[in-house]
1. Criterion first (more than 21 Å from Lys235 (Cα to Cα), touching a residue at least 60 places away in the same chain (Cβ under 8 Å) and not in a helix (DSSP H, G or I)) does Thr110 satisfy it?
2. Looking at Ser60, Ser2, which one is among the polar types (S, T, N, Q) and either over 30 Å from Ile262 (Cα atoms) or open to solvent by less than 60 Å² (accessible area, probe 1.4 Å) (or both)?
3. Where residues in the range 174-183 are assigned to a loop (DSSP other than H, G, I, E, B) and open to solvent by 10 Å² or more (accessible area, probe 1.4 Å), which of them is farthest from Asp360 (Cα to Cα)?
4. Leu194 - would you say it is among the hydrophobic types (A, V, I, L, M, F, W, C) and in contact with a Gly (Cβ under 6 Å, 6 or more places away or on another chain)?
5. Conditions: (1) open to solvent by 40 Å² or more (accessible area, probe 1.4 Å); (2) more than 21 Å from Ser169 (Cβ to Cβ); (3) touching a helix residue (DSSP H, G or I) at 6+ places or on another chain (Cβ under 9 Å). Leu249 meets all but one. Number of the miss?
6. So, in the range 146-173, exactly how many residues are open to solvent by 40 Å² or more (accessible area, probe 1.4 Å) and assigned to a loop (DSSP other than H, G, I, E, B)?
7. Got at least one residue in the range 210-219 being touching a Leu at 6+ places or on another chain (Cβ under 6 Å), within 14 Å of Leu43 (Cα to Cα) and open to solvent by 20 Å² or more (accessible area, probe 1.4 Å)?
8. Please enumerate the residues belonging to the range 220-236 that are open to solvent by 10 Å² or more (accessible area, probe 1.4 Å), farther than 16 Å from Leu250 by Cα and small (Gly, Ala, Ser).
Amino acid sequence: MSASMTQWLQRQAAVRDRRGLVRHPLPRAADEQFIDLASNDYLGLAADPRVAQAAAAAASLWGAGATSSRLVAGTTRLHLDLEQELATLAGMETALVFSSGYLANIGVITALGGPGTLIVADEHCHASMIDGFRLSRSRTESFTHNSVAEAGRLLADRREPRALIAVESLYSVLGDEAPLPALLALAEEYDAMLLIDEAHSLGVTGTGTFQGRGSVAGTALAGHPNVIVTATLSKALGSQGGAILGSPLLREHLINRARSFIFDTGLAPASAAAALAAVRIIRDEPWRAGSVHSNAAALADGLTAVLAAGGTTVDLSVEQTAGAVQSIAMPSAESALAAAAAARTAGVRIGCFRPPSVPDGISRLRLTARATLTPEEIEDSCAVLRSILEELP
């Protein structure tokens, strides 16, 4: 490595260390006994025997990998079945599966973007969407989080012939909802497409007969010509991959123009089969989504009681969100990291989000309520967090 590059890397490492922003992968054992409040396995399907067996059977039949891109030899019957059933679950016309949710967002944004498309994006959009904005060569304007009025002003001033409004239905750090009905009205008024990332809502949100089918299914947004949905298969579905859902015309365009689809090896058959099994479980067992919400309420109540009794400088308000994610604002990146490490030592795995991963720049502990958490695990987790947070200055 060149001397100049080495010196630059050393300076970058020193800055990260000084700011408390050093990150390391944390390996986990297959048989570990942690209480899991950190993963995105919201419905507990990653280890569900039906999902695991579907993956194993597909690997035995089709092999370990897709062997090529989807347009050469990488499409199997599993991919097509998954796309059809995923679209039905979410209330959209068609779906196209990618090898990750990250690539799905990049694929749709770059395929629809360009100098003729204005992108109006919520300032809390995920990094995968932001990277798509940058790669698309579109003029991109961000609006204050969940401000429909500001998004409207940006659209009113547009000079491009096309426009794309980009949001998440549930945001990944704060766990709050986007005002989707108002945003749809905005898209209709200004002839714009509304791109909704359902990464954290598919499998979790939805009401009545649509419980667990996401924030779009069963609403006026489902199948609407101005709506595009992206989703991941690696969170509530417990597998791996991503998808874009919309009209047949959009699907055909993406097959021919989305570079992250055309030039990428297809989703592994085992992952496709696992996701397909998970889609069917979500359809047939809506109680899982209900358990996420009841556990989220119990966790939020328990955390509020813990923090109120702790007498710390931590914000005492822990409100139940619309999904699985609950967050606690921390005084600093260092305190967040120390708290997460102490919880791990005590047998509770929690998320630690520090800049630049947090959209508001405030380091947070992020806890996810999973369908399979027991009341005892929630109580024990809150007790562990109390002992840790009481030690904060």
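1. Spelling it out, it is not the case that Thr110 is more than 21 Å from Lys235 (Cα to Cα), touching a residue at least 60 places away in the same chain (Cβ under 8 Å) and not in a helix (DSSP H, G or I).
2. After applying the criteria, what remains is Ser2.
3. The first filter runs over the range 174-183 and keeps only residues assigned to a loop (DSSP other than H, G, I, E, B), leaving 174-176, 178-179.
Applying the additional criterion that residues be open to solvent by 10 Å² or more (accessible area, probe 1.4 Å) yields 174, 176, 178-179.
Numbers: Leu174: 9, Asp176: 13, Ala178: 16, Pro179: 19 Å.
The residue in question is Pro179.
4. No, not satisfied.
5. Exception for Leu249: condition (3).
6. Going through the range 146-173 one residue at a time, the tally reaches 5.
7. yes
8. Ala220, Ser234
The values are calculated or read from the model by the stated rules, or taken from the named source; none is laboratory data. All of these numbers come straight from a predicted model, not from anything done at the bench. So basically every Cβ, Gly included, is an ideal-geometry build from the backbone, and we count neighbours across all protein chains shown. The area values use the complete protein model at the heavy-atom level, side chains included, leaving out ligands, DNA and RNA. Shrake-Rupley method; radii C 1.70, N 1.55, O 1.52, S 1.80 Å.
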